[in-house]
Amino acid sequence: MIHFDNVTKVYANQKRPALDHVSVDVDKGEFVFLVGPSGSGKSTFLRLVLKEERPDSGAIHVAGKDLARLSNFKIPHLRRRIGCVFQDFRLLPNKNVYENVAFALEVIGKPRRFIRKVVPEVVELVGLEGKAHRMPDELSGGEQQRVAMARAFVNRPMILLADEPTGNIDPATSIGIMKVLDRINRTGTTVVMATHDAAIVDSMRKRVVELEDGKIVRDQSRGVYGQAY
Amino acid sequence: MRANFIFSEVWIGLRRNLTMTIAVIVTVAIGMALLGVGLMINSQISTMRDFWVGKVEISVFLCKKNDAFPQCKGSGGVNPQEQAALKAQIESMPQVERVEFENAAKAYANFREQYKDNNVLLSVLQVSDMPESFRVKLKNPGDYPAVIESLKGASGVSYVVNQQEILDKFFGLLERLRWAALVVAIVLVFAATLLIGNTVRLSAYNRRRETGIMRLVGASNLYIQLPFVMEGVIAGLIGGVVAAVMLIVSKVFLFDGVQLYLANTSPLTWETVASTISLTMVIGVLICVLASFVTLRRYLRV
């Protein structure tokens, strides 16, 4: 599903590469934790998958497409197959829960009838039934992240990228967030989650890829956050 | 759904940037109006040229008794021999197409007709005050200098008036007006372009959250950019409509006003006004679209 082959990325004005000859494979339906300290290249990895950045060398395949050969014109179609969740939720403050989720479908031109059918289903899937008409500022952090997950998942993407989704949320609420991610993963969606949260990684017992200074230092199925723990 | 979505986005954008939108509309309106006036002056000049080019004459006025002109002093007016010699001289010139004699009575009648509203002037004027003249029509109106030179010193001639010279002065004035209008129009179009760019930039900044999410969920570039471009187009269109009103007003009060002095001989037609308006509209909207696209390329990375 995601295939990195010897990928190196150096940002302009920086000597040290953000990713240094990284090769990794993520299969369809896998759940992968991307761990490592800040600046180890986790976010760069996710940005490369979305083709928000271009690698300096190496090849990236996402959903069977060679990103180097994907024209700019087709990038939106790639992104429609990838859902994204962030630490800061990125909801529209002037739209309610339903509208926030529906926005993702409206802007890719889905018909209204389809939106009316699908959005309530996804809102229920993330556990926000009955809160569809709340505004984001009336929701807790955990609930806001659920809205963001509903928006990321509403178009049934093949891949869900989560960049520290529990970074702004207390540990108790994080468990609920992880349950939703697990539920999404069980529908066959590949999930890649970058995180600092050792407790979560340890409790989930999923594949762990550890980055340090842009290099993969560990790739372990059913792993834990760090060997020191 | 699509149209609905885009129009609500456009409306929100225009309302959020109301002051900038008004600035864009005003600049586009004045710029396009001046461009239109320039174009209308242009077509006015050419219709007037067409009208006058076959009609300009050289008037050779003849000495009367007690004329104050130095070359007539003491002559007691032109005598029939001089008049006949003059006529023969003019007719022999190769540049001349035809020549007519206008006697005092005819001149008086023409004058009465021309100034029929000016009773004071008409009440003091008598037939004997009117000079006699030859009206000379040239084959090519541009050949006048040689003809005038040879007639100026001829005996019995008081003075020579070349209508071409008067027309040239008038056309020169119109042409300067046209250039002034076009130069100011170009400056304003430039200002409008920058203003639209700035408006779109502000708008893109105000909506960076929305566009960021749109990018993320895979909205196409067109879908992301269209609301911004439409904002520019709508501001440009409103400016164009205001410009159209200004052009119609200038046609009625300015161009038709000038024609009153020219006895309505070469009026600006409504068709000309209509085509000028549609041309300026198209240019205005095109400028808005281009400025929006160029700015979006810089500030809305996709």
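The values are calculated or read from the model by the stated rules, or taken from the named source; none is laboratory data. Everything numeric in this text was worked out from a predicted model, so none of it was measured. Positions of Cβ are generated from backbone atoms using ideal geometry, with glycine treated the same way; all protein chains shown enter the neighbour counts.
Descriptive notes on the structure:
- Of residues in region B:234-280 being in contact with a Ser or Thr (Cβ under 8 Å, 6 or more places away or on another chain), modelled with pLDDT under 90 and assigned to a helix (DSSP H, G or I), the one surrounded by the fewest Cβ atoms within 10 Å (Cβ to Cβ): B:Q259
- Against the list (1) buried (at least 22 other Cβ atoms within 10 Å of the Cβ); (2) not in a loop (DSSP other than H, G, I, E, B), the condition A:P165 fails is (2).
- Complete set of residues in region B:38-78 that are in contact (Cβ under 8 Å) with a residue 12 or more places away in the chain and aliphatic (A, V, I, L, M): B:L39, B:M40, B:I41, B:I45, B:M48, B:V53, B:V56, B:I58, B:V60, B:L62, B:V78
- Counting only helices (runs of 4 or more DSSP H) that sit completely within region B:65-170, those holding 1 or more residues that are of a type in the set (D, E) correspond to B:80-92, B:104-114, B:144-152.
- Counting only residues that are within 14 Å of chain B (Cβ to nearest Cβ), within 20 Å of B:E210 (Cα to Cα) and hydrophobic (A, V, I, L, M, F, W, C), region A:105-144 holds 5 of them.
- Options B:Y205, B:Y223; residue that is within 43 Å of the chain's Cα centre (by Cα), within 14 Å of chain A (Cβ to nearest Cβ) and either at pLDDT 85 or above or assigned to a helix (DSSP H, G or I) (or both): B:Y223
- Pairs linking a residue in region A:42-56 that is crowded, with 21+ Cβ neighbours inside 10 Å to a residue that is of a type in the set (D, E) and assigned to a helix (DSSP H, G or I), with Cβ atoms under 6 Å and 6 or more positions apart or on different chains, do not occur.
- Enumeration of residues in region A:87-104 that are closer than 23 Å to A:I177 by Cβ, more than 9 Å from chain B (Cβ to nearest Cβ) and either outside any helix (DSSP H, G or I) or touching a strand residue (DSSP E or B) at 6+ places or on another chain (Cβ under 9 Å) (or both): A:Q87, A:D88, A:F89, A:K95, A:N96
- Of all the residues in region B:204-259, those that are of a type in the set (K, R) and under 19 Å from B:E271 (Cβ atoms) number 1.
- Among (1) of a type outside the set (A, V, I, L, M, F, W, C); (2) more than 12 Å from every other protein chain (Cβ to nearest Cβ); (3) under 29 Å from A:P76 (Cα atoms); (4) surrounded by fewer than 20 Cβ atoms within 10 Å (Cβ to Cβ) - the single one B:G212 does not satisfy: (2)
- Residue match in region B:69-90 (condition: crowded, with 19+ Cβ neighbours inside 10 Å and modelled with pLDDT of 80 or more): yes
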